[in-house]
Amino acid sequence: MKLEPLDKKIESFGFAVLIADGHDFLSLQHCKEAAEALEKPVAIICNTIKGRSWKTYENQLDCHYLPLKEEQYNLIMNEIVLDFNNKVSKLIV
């Protein structure tokens, strides 16, 4: 069974549906604030990219189960931390 259009299926159960960029803290915060203002159940769909911030594995199925060597793990963790720090610094400004 296909999930799409997921938002319409969830709405059919009486939910308000909000859509966020699951990688963007401000987008998530805006959805949280909007949800708090609504008087019915809310579902937030967070659009994400598999392996986001892993330059080698972004949007690749391998990022879900690929066994990593320690060197690969350290490289990927550095990329993720850098991406996170960039996002946080934008929030602080």
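What follows draws every value from the coordinates through simple rules; no lab data is involved. All of these numbers come straight from a predicted model, not from anything done at the bench.
Here are the numbers for the structure shown:
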| read-out | value |
| --- | --- |
| Residues with amide H under 5 Å from that of Thr56, placed H, sequence gap 5 or more | none |
| Compactness relative to 2.2 N^0.38 Å, alpha carbon Rg of the chain | 1.37 |
| Qualifying aspartates and glutamates (Cα of each under 17 Å from Cα of Lys40; at least 8 residues distant if same chain) | Asp7, Glu11 |
| Extension gain, Leu91 back to Asn74 (0.36 nm per residue minus Cα-Cα distance, nm) | 3.5 nm |
| Cα-based reach from Lys2 at 21 Å (exclusive), listing lysines while leaving out same-chain residues under 8 positions away | Lys50 |
| Anchor Lys90: aspartates and glutamates whose Cα lies under 20 Å away (excluding residues fewer than 8 positions away in-chain) | Asp21, Asp24, Glu33, Glu79 |
| Mean ellipticity per residue at 222 nm, deg cm²/dmol - from DSSP H runs of n ≥ 4 across the chain, formula -39500 (n - 2.57) | -14500 deg cm²/dmol |
